[in-house]
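Notes for the one structure printed next.
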Amino acid sequence: MALTDIWFLLIAVLWTGYFVLEGFDFGVGMLLPFVGRTETDRRVAINTIGPVWDGNEVWLLVAGGATFAAFPEWYASLFSGFYLALLVILVALIVRGLAFEYRGKIDSVRWRRGWDRAIVAGSAVPALLWGVAFANIVAGVPLDADHEFTGSLFTLLNPYALLGGVSTLLLFGLHGAVFLALKTTGEVRDRARRAAYPLGLATVAAGGSFLFWTLLAHGALWTIVPVLVAALALVLAVLATVRDRDGWAFLLTATAIVAVTVTLFGSLYPDVLPSSTNPAFSLTTTNAASTPYTLTIMTWVAAIFTPVVLAYQAWSFWVFRRRIGRVDIPAATGLPAGRRT
C-alpha cells in the first residue's frame with residue numbers, strides 16, 4: 001500500500017474518531033433544553049461531557065493538521081472553497097467552548113440562559129454543517145484546471161448536501177441522547193431515553209435516504225456493506241434504548257457513525273475532492289499529496305504518538321466512567337448578579 005493511501009486511511013480514521021466522540025458532545029448540547037428542565041438538571045447534562053469535550057475536539061485539530069501536511073492541495077482547495085462554512089463552524093465551536101466555561105461564573109438565571117442558548121446553537125450548527133460539507137466533498141464541487149473552487153456558498157447548499165446535514169444533525173442528536181441515558185440517573189436519564197426513540201426513527205428515515213442516495217450516485221459496490229451496517233445499527237440502537245440497554249445503544253450509535261464515515265470516505269476514494277466541472281480537474285490521493293519524504297516522516301511520528309494519545313484518552317474516559325445525577329451537583333458558586341469583579 002502506498003503512503004498516500006495510508007494517509008488517506010489515517011485521515012479517515014481521524015475524522016471517524018472525531019465524529020464518534022464529538023458527536024455525543026453535539027448531541028448533549030442540542031438536547032440541553034429538553035433534558036434540563038431545571039438548572040441542576042442542565043448542570044448534570046453538561047457535566048457528563050465536561051471532562052472530555054475539549055479532548056474530543058483535539059481529533060478535529062489533528063485531522064486538519066494531517067490533511068494540511070499529507071495532502072496540501074486538498075487542504076488548500078477545501079479551505080478556500082468551504083471558507084465561509086468552515087468559519088461558521090469555527091465560530092460556533094468557540095462560542096460553545098466559552099459557554100461551557102462562563103455559564104456558571106455569575107449566579108443569574110438570565111446569564112445562564114443566554115449561555116445555554118449558545119451551547120445549543122454551538123452544537124447544532126457544526127452538527128448540521130459537517131454533514132453538508134462532507135456530502136459536498138463526496139459529490140464533488142466545481143474546480144477548475146488549477147484546482148481552485150469556482151462556485152459560491154449557494155453551490156454547497158444543494159439538496160444532497162442539505163440531506164447530509166440533516167442526517168448528521170439527527171444522528172449526533174441520537175448519539176447524545178443515548179450517551180446521556182448511559183451517563184446519568186433520574187429525570188435526566190428518563191428524558192434522554194424518551195428523546196432517543198423519536199430521534200432514532202427520524203435518523204433512520206433521513207440517514208437511510210442519504211446513504212441510499214450516496215450508494216446510488218457516488219458509492220463503490222463494496223460500500224453497500226457499511227450502508228447496511230449503519231442501517232442495522234441504528235434500528236438496533238432504538239430497540240436497545242427501548243429495552244433499557246444503554247451501553248449497547250451507545251455502542252450501536254457509535255457503530256452507525258463509523259459505518260457512515262466509512263461509506264463517505266469509501267465513496268470518495270481515490271479522489272479526495274472530485275471536480276463537478278471536469279473529472280480531469282479532480283484532486284486525488286496522488287496529485288494532492290506531499291512528497292514521499294514528508295509522508296515517511298509523518299508516518300513515523302504517527303506510529304509513535306498515536307498509541308500514547310489513544311491510551312490517555314481511554315484512561316480519561318475510564319476515570320469519569322460512572323453515572324452522575326442531581327446528588328452529585330454542588331451548590332452554584334458564581335458571583336451574585338450585578339457583580340462582575
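The values are calculated or read from the model by the stated rules, or taken from the named source; none is laboratory data. Predicted model only: the values in this text are computed from it and were never measured. Virtual Cβ from ideal backbone geometry, glycine too; neighbours counted across all protein chains shown. Please note that ligands, DNA and RNA were not included when accessible areas were found on the heavy atoms of the full protein model with its side chains. Shrake-Rupley method; radii C 1.70, N 1.55, O 1.52, S 1.80 Å.
Results for (1) at pLDDT below 95; (2) of a type in the set (A, V, I, L, M, F, W, C); (3) out of contact with any Ser or Thr (no Cβ under 8 Å at 6 or more places or on another chain); (4) closer than 26 Å to Gly200 by Cβ, shown as yes or no for each residue.
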site	(1), (2), (3), (4)
Val28	no, yes, no, yes
Leu31	no, yes, yes, yes
Thr40	yes, no, yes, no
Asn47	yes, no, yes, yes
Pro51	yes, no, no, no
Val58	yes, yes, yes, no
Leu61	yes, yes, yes, no
Leu84	yes, yes, yes, no
Item to complete: Kindly indicate whether any position in segment 276-291 is among the hydroxyl-bearing types (Ser, Thr, Tyr), open to solvent by 10 Å² or more (accessible area, probe 1.4 Å), farther than 21 Å from Ala2 by Cα and modelled with pLDDT under 95.
Response: yes
Worksheet entry | Selected residue (only one of Gly122, Gly151, Gly114 is farther than 22 Å from Thr285 by Cα and in contact with a Lys or Arg (Cβ under 7 Å, 6 or more places away or on another chain)) | Gly122
Fill in: Candidate set: segment 150-162, residues that are open to solvent by less than 40 Å² (accessible area, probe 1.4 Å) and within 20 Å of the chain's Cα centre (by Cα); chosen: the one farthest from Phe24 (Cα to Cα)
Leu156
Worksheet item: Which residue pairs have Cβ atoms under 7 Å apart, sit 6 or more places apart or on different chains, and have a first residue in segment 171-200 that is under 23 Å from Leu128 (Cβ atoms) and open to solvent by 20 Å² or more (accessible area, probe 1.4 Å) and a second that is at pLDDT below 95 and among the polar types (S, T, N, Q)?
Response: Tyr197/Thr241
Worksheet item: Within segment 218-231, restricting attention to residues that are outside any helix (DSSP H, G or I) and open to solvent by less than 50 Å² (accessible area, probe 1.4 Å), which residue is modelled with the lowest pLDDT?
Response: Gly219
Item to complete: Assess whether Leu215 counts as being surrounded by fewer than 17 Cβ atoms within 10 Å (Cβ to Cβ), modelled with pLDDT under 95 and either under 19 Å from the mean Cα position of the chain (by Cα) or assigned to a helix (DSSP H, G or I) (or both).
Response: no
Worksheet item: If we scan segment 256-272, do we find a residue that is closer than 30 Å to Thr150 by Cβ and charged (D, E, K, R)?
Response: yes
Practice prompt. Can you give me the number of residues within segment 116-149 that are closer than 20 Å to Gly36 by Cβ and either surrounded by fewer than 24 Cβ atoms within 10 Å (Cβ to Cβ) or aromatic (Phe, Trp, Tyr) (or both)?
Written response: 7
Worksheet item: Hey, any hits in segment 322-330 for a residue that's modelled with pLDDT under 90, aliphatic (A, V, I, L, M) and out of contact with any strand residue (DSSP E or B) (no Cβ under 7 Å at 6 or more places or on another chain)?
Response: yes
Worksheet item: Do the conditions hold for Val242, that is, is it more than 19 Å from Val132 (Cα to Cα), of a type in the set (A, V, I, L, M), at pLDDT below 95 and within 22 Å of the chain's Cα centre (by Cα)?
Response: no
